[in-house]
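The structure that follows is given in the form of structure tokens.
The values are calculated or read from the model by the stated rules, or taken from the named source; none is laboratory data. The structure presented is a predicted model; accordingly, all values stated were derived computationally and were not measured. Note: ideal-geometry Cβ built from the backbone for every residue, glycine included; neighbour counts use all protein chains shown.
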Amino acid sequence: MPVTVAPMTVADLEQVLAIENIAFSSPWSRNSFLYELTENKRAVYLTAKEADRVVGYTGMWVIFDEGHITNLAVHPDFRRQGIGGRLLDELAIAAKERGVSRLTLEVRLSNTGAQLLYTQKGFVSSGVRRRYYRDNNEDAVIMWKSEI
């Protein structure tokens, strides 16, 4: 089945949270996502769906001319099928439509698979945030994409 990308809605949250809890050791809460979707005017969130099933999602905050990617996750059963890359491409389009000229994100130092995806999509490592992740004090690699 084809995968479609569309804005995330409150109705998507149960499925998004299921992926969030699988993908991250410090998952966001339902309330965090609710705030992003209903109150944060700078937030943009997208889902990737196969039929009615959410198989991945991503989001960012638009801060002046920069987009800060907050999260990106794909359900394990759907990884390595280009969905993460497609979500990044669609997020870049949404960013450009909002006047964003560059994107940034943090990724765990140990998450080499994600770093490879980001590199393939034009992101460049620009530094490290020491002890960024609270669950285990792991460092984060800061990555930027200057031309979207």
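Out of (1) out of contact with any Ser or Thr (no Cβ under 6 Å at 6 or more places or on another chain); (2) in a helix (DSSP H, G or I), the odd one out for LEU103 is which?
Just one mismatch for LEU103, condition (2).
Here is a follow-up. Considering only residues that are in contact (Cβ under 8 Å) with a residue 40 or more places away in the chain and farther than 23 Å from ARG108 by Cβ, which ones fall in the range 9-63?
ASP12, LYS49, GLU50, ALA51
Please find, within the range 66-95, the residue that is farthest from SER25 (Cα to Cα) out of those that are touching a Gly at 6+ places or on another chain (Cβ under 6 Å) and not in a strand (DSSP E or B).
Once the filter is applied, the top-ranked residue is ALA95.
Go through the range 84-99 and report how many residues are buried (at least 17 other Cβ atoms within 10 Å of the Cβ) and either small (Gly, Ala, Ser) or closer than 15 Å to MET143 by Cβ (or both).
So the count comes out to 6.
Okay, next question. What number goes with the only condition from (1) more than 22 Å from ARG80 (Cα to Cα); (2) of a type outside the set (A, V, I, L, M); (3) surrounded by 12 or more Cβ atoms within 10 Å (Cβ to Cβ) that ASN136 does not pass?
Status for ASN136: all satisfied but (3).
Here are some conditions: (1) modelled with pLDDT under 95; (2) farther than 22 Å from VAL5 by Cβ. GLY113 meets all but one. Which one does it not meet?
Looking at each condition in turn, GLY113 falls short on (2).
Which pairs have Cβ atoms under 8 Å, sit 6 or more apart or on different chains, and link a residue in the range 132-146 that is in contact (Cβ under 8 Å) with a residue 12 or more places away in the chain and of a type in the set (S, T, N, Q) to one that is surrounded by fewer than 17 Cβ atoms within 10 Å (Cβ to Cβ) and part of a loop (DSSP other than H, G, I, E, B)?
Cβ pairs passing all conditions: ASN136/SER25; SER146/SER101.
So, in the range 106-132, exactly how many residues are surrounded by fewer than 18 Cβ atoms within 10 Å (Cβ to Cβ), in contact with a Ser or Thr (Cβ under 9 Å, 6 or more places away or on another chain) and in a loop (DSSP other than H, G, I, E, B)?
The total comes to 1.
Let me ask you something else. How many residues are at pLDDT below 95 and in contact with a strand residue (DSSP E or B) (Cβ under 6 Å, 6 or more places away or on another chain) if we restrict to the range 62-103?
So the count comes out to 0.
A further question on this structure: If ARG80 satisfies every condition in (1) surrounded by fewer than 18 Cβ atoms within 10 Å (Cβ to Cβ); (2) of a type in the set (D, E, K, R); (3) over 21 Å from ALA11 (Cα atoms); (4) in contact (Cβ under 8 Å) with a residue 24 or more places away in the chain but one, which is the exception?
ARG80 satisfies all of (1) surrounded by fewer than 18 Cβ atoms within 10 Å (Cβ to Cβ); (2) of a type in the set (D, E, K, R); (3) over 21 Å from ALA11 (Cα atoms); (4) in contact (Cβ under 8 Å) with a residue 24 or more places away in the chain except (4).
While we're on this one: Please determine, by comparing only the residues of the range 1-51 that are in a loop (DSSP other than H, G, I, E, B) and touching a helix residue (DSSP H, G or I) at 6+ places or on another chain (Cβ under 9 Å), which one is nearest to ASP89 (Cα to Cα).
MET8
Now, a different point. Taking HIS68 as the residue in question, decide whether it is surrounded by 14 or more Cβ atoms within 10 Å (Cβ to Cβ), on the phi < 0 side of the Ramachandran plot and in contact with a helix residue (DSSP H, G or I) (Cβ under 8 Å, 6 or more places away or on another chain).
no
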